[in-house]
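> What follows is a structure written as structure tokens; I'll ask about it next.
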Amino acid sequence: MLNKLYESLGGASSVPVIIISIALMLLVGFLFTRVTKLLKLPNVTAYILAGIVIGPFCLDLIPTSVIEGTDFISDIALAFIAFGVGEFFKFSSLKKNGAKVVVITLFEALTASVAVFILTFFILRLGFAFSLVLAALASATAPASTMMTIRQTKSNGDFVDTLLSVVALDDVVSLIAFSVAISVALASMGGNLSAGDILLPIVYNIVLVGVGILFGFLLKFLMKKRSNDNRLIVSVALIFAICGIGAALNVSPLLGCMAMGTVYINVSGDEKLFKQLNYFSPPILLLFFVRSGLSFRLDVLFDFGTGLGGIPLLVIGILYFVVRIAGKYAGSFIGCLTVKKPPKVRNFLGLALIPQAGVSIGLAALGARLLGGDAGSMLQTIILSSSILYELIGPACAKLSLYLSGSYGPKAEAATKGESAEEKTESQSEVETLEARLLQIQSEIEKKKYARSEEEEAFMEAAAAGDVYQDESDEDTISGYMKRKFKNRR
């Protein structure tokens, strides 16, 4: 019925079709969040499921022309996600753990990638380009679910500090890995692989990071004495500008926007802007995830007659799902063991790194566009289907890791009370020592400053004994005057 309506509306112009399609995507996405809220699932899951339901392989309510013509939404949505991630990339937080966080991040991200590549290329015998890009995507972690869980549980401590730093750095490693992987994959598909094919995208990403750093300082300058409306206008304009530059260089805008957000939060300390963008960006993010669901190849996923290398796509997706979790856990464990993190961090950090949604879905959309054909669509299908599963179990695993690590709950309260009592005792001891020392110094100063001669001492002793002037209450007497004088000098 809607298809006929679209045909009648699109006779003269495609504008009504696009507007109605976007309205339908927004409305259905919202309605699905009402269902997932009852099940205590994140909104990302609702948006992807909404896209699948109204997509071409279920109800087919959105025209293919609209789906294909809204590719730019992924770049814009990823830019907002990346800029928001920059808020948690505070140097003050990273300094607490320093190089240790870098080591842990490299281990957990690259171990997952290596594990997936071994599975897909050496064991399943899939294509080199497909295996390489899928392995690079395996390194990404979704910070949104983890951050939501931390805020809901009000967790804190060394485990949380390490987790936040690792999540912030994780996307940087993933973006670099993806940039290299997609370049090598495209070159291998063309049959001609050179050093320039690998280095050029890296150079472009470095250029985009430089632009992001420059825009971060520019944003700080432009935010001075601006109204809330103008702050939003300026920040969105700069984010869109980085998107345009990234599109012109054919690279993802993530690194540039992350760099801009990181620089801005560190030079300004202004968290209000990020909150403003959080109020502005939900419709854009909803459209992005719903559109990802619209691109979901449900027919291919459950068609056991097709697949890569004769292996059904559903089997590949399930193996990817399991192997990536194992790689994340093993990598984080080895990384924490290398830098000698305490057991509570080492044993449970991997559980909090399971979610995979925003960044990986955006990169999968970009990878599917660049790879093209069945390989591209299958790549996106695997990432989308596994992301739904990750979002189903991810928040629960993150909450479990926070509880087992003592970041919240009875263990955290007991630890906090113990630390408070100890700090209080130490504080009291330090105060008492300081007071005693100050009294000693004051006594020494008084002795030196107000040292009396022998005649003065004798006079005061005689006055006190009543040998000179008996009426000490008479303030006009010499005795009263002398006592007042020496008293005031004290």
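The values are calculated or read from the model by the stated rules, or taken from the named source; none is laboratory data. Remember, it's a predicted structure, so these values are computed and weren't measured experimentally. Note that each Cβ is placed from the backbone with ideal geometry, even for glycine, and that neighbours are counted across all protein chains shown. Just the protein is used for accessible areas: all its heavy atoms, side chains included, with ligands, DNA and RNA removed. Shrake-Rupley method; radii C 1.70, N 1.55, O 1.52, S 1.80 Å.
> Considering every residue within the range 390-402, establish whether at least one is within 29 Å of residue 102 (Cβ to Cβ), part of a loop (DSSP other than H, G, I, E, B), at pLDDT 80 or above and not polar (S, T, N, Q). Reasoning before the result, please.
Narrowing the range 390-402 to residues within 29 Å of residue 102 (Cβ to Cβ): 390-391, 393-402.
Keeping just the survivors that are part of a loop (DSSP other than H, G, I, E, B) gives none.
The answer is no, given that none of the residues of the range 390-402 is within 29 Å of residue 102 (Cβ to Cβ), part of a loop (DSSP other than H, G, I, E, B), at pLDDT 80 or above and not polar (S, T, N, Q).
> In the range 116-137, which residues are buried (at least 17 other Cβ atoms within 10 Å of the Cβ) and without any contact (Cβ under 8 Å) to a residue 40 or more places away in the chain?
First, the residues of the range 116-137 that are buried (at least 17 other Cβ atoms within 10 Å of the Cβ): 116-117, 119-121, 124, 126-127, 129-137.
The answer is 117, 121, 131.
> Looking at (1) farther than 19 Å from residue 19 by Cα; (2) at pLDDT 85 or above; (3) of a type in the set (Phe, Trp, Tyr), find the lone condition where residue 89 falls short.
Every listed condition holds for residue 89 apart from (2).
> Every residue in the range 327-344 that is more than 17 Å from residue 389 (Cβ to Cβ) and surrounded by 24 or more Cβ atoms within 10 Å (Cβ to Cβ), please. Full working, then the answer.
Initially, the range 327-344 is screened for residues more than 17 Å from residue 389 (Cβ to Cβ), giving 330-344.
331, 332, 335, 336 - these are the residues of the range 327-344 that are more than 17 Å from residue 389 (Cβ to Cβ) and surrounded by 24 or more Cβ atoms within 10 Å (Cβ to Cβ).
> Go through 261, 210, 256, 216 for me and flag whichever is within 30 Å of residue 128 (Cβ to Cβ) and not hydrophobic (A, V, I, L, M, F, W, C). Even if it seems obvious, please write down each step before you answer.
On the way: 261 fails: within 30 Å of residue 128 (Cβ to Cβ); 210 fails: within 30 Å of residue 128 (Cβ to Cβ); 216 fails: within 30 Å of residue 128 (Cβ to Cβ).
Answer to the check: 256.
> Now, a different point. May I ask you to say which residue of 139, 165, 174 is in contact with an Asp or Glu (Cβ under 9 Å, 6 or more places away or on another chain), farther than 14 Å from residue 401 by Cβ and polar (S, T, N, Q)? Write out each step before concluding.
Working: 165 fails: in contact with an Asp or Glu (Cβ under 9 Å, 6 or more places away or on another chain); 174 fails: in contact with an Asp or Glu (Cβ under 9 Å, 6 or more places away or on another chain).
Only one candidate passes the filter, namely 139.
> Right, something else. Among the residues that make up the range 208-216, is at least one of them modelled with pLDDT of 90 or more, assigned to a helix (DSSP H, G or I) and more than 23 Å from residue 170 (Cα to Cα)?
no
> Of all the residues that make up the range 60-75, how many are open to solvent by 30 Å² or more (accessible area, probe 1.4 Å) and in contact with a helix residue (DSSP H, G or I) (Cβ under 6 Å, 6 or more places away or on another chain)? Steps first, answer last, please.
First, the residues of the range 60-75 that are open to solvent by 30 Å² or more (accessible area, probe 1.4 Å): 60-61, 64-65, 68-69, 71-72, 75.
Next, from what is left, pick out any that are in contact with a helix residue (DSSP H, G or I) (Cβ under 6 Å, 6 or more places away or on another chain): 61, 75.
Total meeting the criteria: 2.
> Every residue in the range 351-378 that is farther than 21 Å from residue 201 by Cα and surrounded by 24 or more Cβ atoms within 10 Å (Cβ to Cβ), please.
So the first thing to find is which residues in the range 351-378 are farther than 21 Å from residue 201 by Cα, and the list is 351-358, 373-375, 377-378.
Matches in the range 351-378: 352, 353, 354, 355, 356, 357, 358, 378.
> Search the range 153-171 for residues that are assigned to a loop (DSSP other than H, G, I, E, B) and pair each with any residue that is among the hydrophobic types (A, V, I, L, M, F, W, C) when their beta-carbon atoms are under 7 Å apart and the residues are at least 6 apart or on different chains.
Taking only residues 6 or more apart or on different chains, the pairs are 155/402; 157/412.
> Going through the range 331-343 one residue at a time, which ones are in a helix (DSSP H, G or I) and either of a type in the set (Val, Ile, Thr) or under 21 Å from the mean Cα position of the chain (by Cα) (or both)? Spell out the reasoning first.
We begin by selecting, within the range 331-343, every residue in a helix (DSSP H, G or I); these are 331-338, 343.
Residues satisfying the conditions are 331, 332, 333, 334, 335, 336, 338.
> Note down all Cβ pairs under 6 Å where the first residue falls in the range 228-249 and is part of a helix (DSSP H, G or I), the second is β-branched (Val, Ile, Thr) and surrounded by fewer than 18 Cβ atoms within 10 Å (Cβ to Cβ), and they're at least six residues apart or on different chains.
none
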